[in-house]
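Undergrad: Take this structure, written in structure tokens, and hold onto it; I'll ask about it next.
Laboratory data are not the source of any read-out in this text; all were calculated from the coordinates shown. Predicted model, so just to flag it, every value in this text is computed and none were measured. Virtual Cβ from ideal backbone geometry, glycine too; neighbours counted across all protein chains shown.
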Amino acid sequence: MTNLFRTARAPLWGRASSHEPPVRSRRGNEADTAVNTEIRLLKSAATMQGPNARTKCLETSHEHGSADVQVSPTNGCFVAARLVGIVLTMLSGLRSDGAALGGDQNADGTATLSPASRRVREHYSRRTVGILTFSKDIAQIVWHRCSPCHRPGQAGPFNLLGYEDVKKRAAQVAEVTAKRVMPPWPPESDGRMFEGERRLTEEELGVLQQWITEGAIEGNPSDLPSAPLWPEDWFLGEPDLVVKMPRPYTLPAEGRDLYRNFVIAIPTNARRFVRAVELRPGNSRVVHHGFMFLDETGQSRRLDGKEAQPGPPAGARMPEGQFLSYQPGRQAAVAPQGLAWVLEKGSHLLLQLHLKPTGKAETLQASVGFYFTDRAPTNVPFKAGLTSLTIEIPPGVSNYMVKDSFELPVDAKLIGVLPHAHYLAREMKAFAALPDGTTASLIHIKNWDFNWQGDYRYAEPVFLPRGSIVNMEYTYDNSANNVRNPNQPPKPVSYGEQSSDEMGELWLQLLVSDAADRAALFRAYALKNDRVHFERSEFLLKKNPRDPKGNFTRALVLLNQKRTAEALRHFKLALEAKPDYQEAHFTLGVVHLMNRNLHGAEEAFKNAIRLDPEDFRSQGSLGNVFLGQGRIDEAAAQFQTALRLNPNDTTAKENLEMIRRRAGKKTSEQR
């Protein structure tokens, strides 16, 4: 999954792996970053990756002639990745023929309900027997809660629109709704309301269950209210801009689920503000879920149509502070008032889609609609993550606990959350310990299902005063009794990006009142990230003192602490253990460049280019080295290469323009 941990203070990161710290760009973006120096000579490295790339970078200031290197690491799964999927039969108690286990359809059409169904009714005040009918009482519940997915062209495997649709599946409907399997809505109703809740209310569930037990009476069709006018096209009307996969993709009939990257150029000639975005999958039968990332560097183009790893590839990111995902039944992702996000000119859209074979070859050609506004955002959400990077679950353990916390240094409003884990997670709790001694539940998922995950926006923002401590407590079950355990018999499972590994993340969308509070939040979160990544390096190095990722992560943390000499020792250990560690070569080059060691920087960047010639960051950074050495023609050639790889590389453009101006001035003086 992805790694969206916001880095804090100044950094150098690149996407080597998700447990290696990313950093903040000079625009303060989320995922990775860039070198942000005040001296034109050193303007590159991180900035060379583009203002919003997913790379390691570092920010520093040379205003006083010193390299003030600050690095802050990030963790690994994005969350953001493999969100919400549709698995209609998973753990729903359904047989392969569609009938419900424990709830059977009688010959007269009534249903004998299982204990789970009967328990629901204990919280419901029954209506007079025989008074409930589909036309008067049930149709609107079905249209509101079921039909958005269960209608033609949508993800549901059958329609639930009219009386006959529901009548013939009455026992199945009773069972899966009583178990809260359908409609899919993982959070418990702990008093915290979210936008777009699909959960049946107790009233709706009770009415539905009673109606089915009494024979699922149709009633008078004339009592039916007007049926919804389902949108045949876009939910919000015609978008301002529609982009489409340049060619259809054919999914094989059989085989495992696939994750694919699809890259689409966005034809804009100026910066735009986006108020909403909607993904239309093109074939909802096969698209389980998806994520949308932006790429201003052009690096994602080489990934088009290829198998995807969870999380955004190098150069790609989600808009700052936003969650952009697609799940069946979900409508357009609309930004709250004042929180439109920025779409830069010449960007590419990277769709990361989870595809499920259906038994026959299927084609899809997804499209995405953008809705613009002329109003610039008045605020930008701050995305902060809680996590543990030291998960190690022994086989047979059924109550393994993962915890993390973050104390807010300022007042903040929590507008959304995104919990994430893999198959072994069982229960998720997130809560805030408030300064007055009380506790506020933020989200509680009692029965976590990897296939039904997503982000949740609160119906009303949750105010968290300064000093509030946000906590996550996740419980994992690695026993043979866990029906979702992919390993039988169970085996040891550790932290990692792959779904066969395990993760634990809680992403927070926070709003603060002003720039000063945002800066304070940023600094506090940076210190938290340092702690998390130091623990990660300790975890890896305890197992193997030569572990390349452990040493690289330790080096980044040490750079944040301005302990450059110790950091260089860990870079050396990482590269001795893994000589082809491209990101370590690049980052080492940045450190040498910022410390004016041009010879060391040249060697490191050349090694990085040898391992990845299409890394525009390394190409442009080598140009900076040549510029500092007075090798102007070679510097210009490197900047031109960087621009060929990433036309939006502003640093290469500026440095190339500076060279041309100086050349023109020199020619003029000679005349």
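Undergrad: Peptides 610-619, 454-463, 246-255: what's the order by average Cβ count within 10 Å, highest mean first?
TA: 610-619, 454-463, 246-255
Undergrad: Further question: Can you pull the three principal axis extents for the Cα set of region 189-341, in Å, largest first?
TA: Extents along the principal axes, in whole Å: 60, 46, 34.
Undergrad: Let me ask something else about it. Hey, can you rank 470-476, 226-232, 399-405 by average C-beta count inside 10 Å, highest first?
TA: Ranked by mean Cβ neighbours within 10 Å, highest first: 470-476, 399-405, 226-232.
Undergrad: Output needed for region 329-421: three equivalent-ellipsoid semi-axes, defined as square roots of 5 times the C-alpha gyration tensor eigenvalues, in descending order, whole Å.
TA: Here the semi-axes work out to 32, 29, 12 Å.
Undergrad: So what is the diffusion coefficient of region 389-501 in µm² per second by Stokes-Einstein at 25 °C and 0.890 mPa s, using a Kirkwood Rh over Cα pairs? Walk me through the numbers before you get to the answer.
TA: Working: Rh = 15.3 Å.
My calculation gives 161 µm²/s for D.
Undergrad: Same structure, new question: Give me the distance between the Cα centres of region 504-536 and region 195-271, rounded to whole Å.
TA: Rounded to whole Å, the Cα centres lie 35 Å apart.
Undergrad: Distances longer than 20 Å among the Cα atoms of region 445-548: what percent of all pairs is that?
TA: Taking all Cα-Cα pairs of region 445-548, the fraction more than 20 Å apart is 59 percent.
Undergrad: May I pose another question? In this model, which of K383/K429; K356/K543; K179/K244; K356/K491 are farther than 30 Å apart at the alpha-carbon?
TA: Beyond 30 Å: K356/K543; K179/K244.
Undergrad: Find, among the GluC sites (Glu not before Pro) in region 490-584, those assigned to loop by DSSP (not H, G, I, E, B) with at most 15 other beta-carbon atoms within 10 angstrom.
TA: Details: sites: E497, E502, E505, E535, E538, E566, E576, E583; in loops: E497.
Sites meeting the loop and neighbour criteria: none at all.
Undergrad: If you don't mind, another one. Express the C-alpha Rg of region 582-646 as a ratio against the empirical globular expectation 2.2 N^0.38 Å, rounded to two decimals.
TA: Normalised Rg, Cα atoms only: 0.97.
Undergrad: Separate question: Out of residues 5 or more away from A412 or on other chains, whose amide H comes under 5 Å of its own, with H placed 1.01 Å from N in the peptide plane?
TA: Residues meeting the criterion, in which the H sits 1.01 Å from N, are L464, R466.
Undergrad: A follow-up question, please. Compute the distance from the alpha-carbon center of region 137-169 to that of region 565-607, in whole Å.
TA: 59
Undergrad: In addition: Return P(r) of region 193-280 (all Cα-Cα pairs; 5 Å bins starting at 0; whole %; ordered from short to long distances).
TA: P(r) for region 193-280, in whole percents per bin: 2, 7, 10, 12, 13, 12, 12, 10, 11, 7, 3, 1, 0.
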